[in-house]
Amino acid sequence: MFAMGGKIRGGKVYGDWPGLEREQLYEQRDLNLTTDFRSVLGELVVRHLGNSDLSKVFPGFEEQKFRGLFEA
């Protein structure tokens, strides 16, 4: 996922790197997912759009582990 804009803290990769060895790949062929897209978009919704009630945007999503992509 790419995030671009004036309030983005750029110049860095946010997330966990699982590696590219066969045993680290999903089904030994695809890069493993390490970041739920809702944590990235949730941060945008809260910090940029000002909506702190993520339950209305992402029903059932409870983990609010923001990555620190956006400047305050």
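All of the numbers you see were taken from the coordinates with simple rules; none came from a lab. These figures come from a predicted structure and were not determined experimentally. Neighbour counts run over all protein chains shown; Cβ positions are idealised from the backbone, glycine included.
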Scan around Phe70 for amide H atoms under 5 Å from its own, H built in the peptide plane at 1.01 Å from N, and keep only partners 5 or more places away or cross-chain.
Arg9
Quick one: length gained pulling Gln24 to Met4 fully straight, 0.36 nm per residue minus the C-alpha distance?
4.3 nm
At most 16 other Cβ within 10 Å, DSSP loop - GluC sites (Glu not before Pro), the range 1-51:
Glu21, Glu27
Whole-Hz Karplus ³J(HN,Hα) for the range 29-34, in order, using 6.51 cos²θ - 1.76 cosθ + 1.60 and θ = phi - 60°, x for Gly and Pro?
8, 10, 5, 5, 6, 10
Kirkwood-based shape ratio for the chain, expressed as Rg/Rh from alpha carbons:
1.04
Extension reserve of the Trp17-Thr35 stretch, reckoned as 0.36 nm per residue once the Cα distance is removed:
5.5 nm
